[in-house]
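Below is one structure, written out as structure tokens; the observations come after it.
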Amino acid sequence: MFMQTHHIIKPPESRVLKSGRVRLSPGEEIGEHVTDKREEIIIILKGTATLEKGNETIQLNPGQTHFIKENVTHNVRNMSDQDLEYLYVVSLF
């Protein structure tokens, strides 16, 4: 299975939020990126996420959330042997 992303909400439906659901198979990653002047929340639904944020590496399990401040480079990886599913919510301002 390959990475799947499904948008929940994005412009023009919302002026200030973008949100989606992501599924990563074992070994996949979303790719390093920065949300510029936006803030982001990640909510783990299934599996274990390895969040690389700045110089930190954080393991997140189902039910856990994590806040990413603006202008922080980050990546979400699935380094486990099970699918990873999570939600993201990003502010657009």
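No lab work stands behind these numbers, since they all come straight from the coordinates. Computed from a predicted structure; not experimentally measured. Every residue, glycine among them, receives a Cβ derived from its backbone with ideal geometry; neighbour counts consider all protein chains shown.
Tabulated data for the structure shown
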| read-out | value |
| --- | --- |
| Given (1) crowded, with 17+ Cβ neighbours inside 10 Å; (2) at positive phi, index of the condition GLY27 fails | (1) |
| Residue match in the stretch 47-61 (condition: touching a Pro at 6+ places or on another chain (Cβ under 9 Å) and in contact (Cβ under 8 Å) with a residue 12 or more places away in the chain) | yes |
